[in-house]
Amino acid sequence: MELKFYKYQGTGNDFVMVDNRAGIFDVNNTVLIENICHRRFGIGADGFILLENEKGYDFKMVYFNSDGKQSSMCGNGGRCIVQFAHDLGVIGEQTTFLAIDGPHDAYIEKGLVHLKMIDVDQVENNGDHFYMNTGSPHYVKAVDGIDDFPVFEEGRKIRNNSRFKEKGTNVNFTEKKESLLYVRTYERGVEDETFSCGTGVTAAALAASYSGMSSPVRIHTLGGELSISFKRTDTGFGEVYLIGPAKRVFEGLFELRK
């Protein structure tokens, strides 16, 4: 058998996308998903995403990390599946879809996908770092010299410390340079630095608002630029949008071997 797939990327965060509206893909086949995402023996990706039918919504997003395990919300993956659904003709320029953290609104304008993220009502300000959930859990720390900062080594230490070892966390390091916020992210599930992380840059932008950066916050990642718009509320943040490009790279057939 062969699996029809599409490869998408959002600021270098790359995903294998499958139209699973017919429900033929086995979501419990962790080994297959991990093999598909393997960069030497498979297609190669940071994550694997299924587009499925869901009553009351345009579609449902089912996201897996590259380790084959279903995971929490992926912001760049969310932007990519919106573009994917548009390219398939499932949606027009606007949509409401369901993800693991609930409903999301999104629209496409001037080549950019605007994805509404969940409201953030709890932000831990621990002095030298912030911690919050933007659809996925994120630790955010400002550093000096981000270009040469050891993201893998330091991110891995924090991800596996006594607080986060059981469930893990994503770890973001940031540095403000003029009008841009530079962000580098160590992602759990991938267990490495990625070129970009949508929920991560969202958390980084919200954290940066406490030191004076106002909406929209322009973000620089290894994979390109994004922006985050938001409104402050009595309890945290609302009307949070992750904005950036999402591009189809290629499509093909993957042989499913026994």
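For every residue, the table says whether it meets (1) farther than 26 Å from residue 167 by Cβ; (2) touching a Gly at 6+ places or on another chain (Cβ under 7 Å).
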| position | (1), (2) |
| --- | --- |
| 31 | no, yes |
| 43 | yes, no |
| 48 | no, no |
| 51 | yes, no |
| 60 | no, no |
| 64 | no, yes |
| 68 | no, no |
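Would it be correct to say that residue 58 is in a loop (DSSP other than H, G, I, E, B), surrounded by 14 or more Cβ atoms within 10 Å (Cβ to Cβ), at pLDDT below 95 and acidic (Asp, Glu)? No; evaluated as a whole, the condition is false for this residue.
Residue by residue, here is whether (1) in a strand (DSSP E or B); (2) modelled with pLDDT of 95 or more; (3) at positive phi holds:
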residue	(1), (2), (3)
208	no, yes, no
215	no, yes, no
218	yes, yes, no
225	yes, yes, no
229	yes, yes, no
235	no, no, no
242	yes, yes, no
258	no, no, no
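For residue 185, the test of being in contact (Cβ under 8 Å) with a residue 12 or more places away in the chain, farther than 15 Å from residue 115 by Cβ and surrounded by 15 or more Cβ atoms within 10 Å (Cβ to Cβ) is passed. When the residues of the range 1-21 are narrowed to those that are modelled with pLDDT of 95 or more and more than 18 Å from the chain's Cα centre (by Cα), which ends up farthest from residue 256 (Cα to Cα)? Filtering first and then ranking leaves 21.
Applying a threshold of 6 Å to beta carbon distances and a minimum spacing of six or more residues, or different chains, the list of pairs starting in the range 235-251 at a residue that is closer than 30 Å to residue 123 by Cβ and ending at one that is among the basic types (Lys, Arg) and at pLDDT 95 or above reads 238/231; 239/231; 241/116; 246/79.
Provide a single number: the residues in the range 163-181 that are touching a Cys at 6+ places or on another chain (Cβ under 8 Å) and either surrounded by fewer than 24 Cβ atoms within 10 Å (Cβ to Cβ) or over 12 Å from residue 207 (Cα atoms) (or both). Even if it seems obvious, please write down each step before you answer.
Initially, the range 163-181 is screened for residues touching a Cys at 6+ places or on another chain (Cβ under 8 Å), giving 170, 172.
With the extra rule that they be either surrounded by fewer than 24 Cβ atoms within 10 Å (Cβ to Cβ) or over 12 Å from residue 207 (Cα atoms) (or both), the set shrinks to 170.
Final tally of qualifying residues: 1.
Taking the range 82-146 as the region of interest, the strands (runs of 3 or more DSSP E) fully inside it that hold 1 or more residues being loosely packed, with under 14 Cβ neighbours inside 10 Å and polar (S, T, N, Q) are 123-125.
The values are calculated or read from the model by the stated rules, or taken from the named source; none is laboratory data. Keep in mind it's a predicted model, so treat the numbers as computed, not measured. Neighbour counts run over all protein chains shown; Cβ positions are idealised from the backbone, glycine included.
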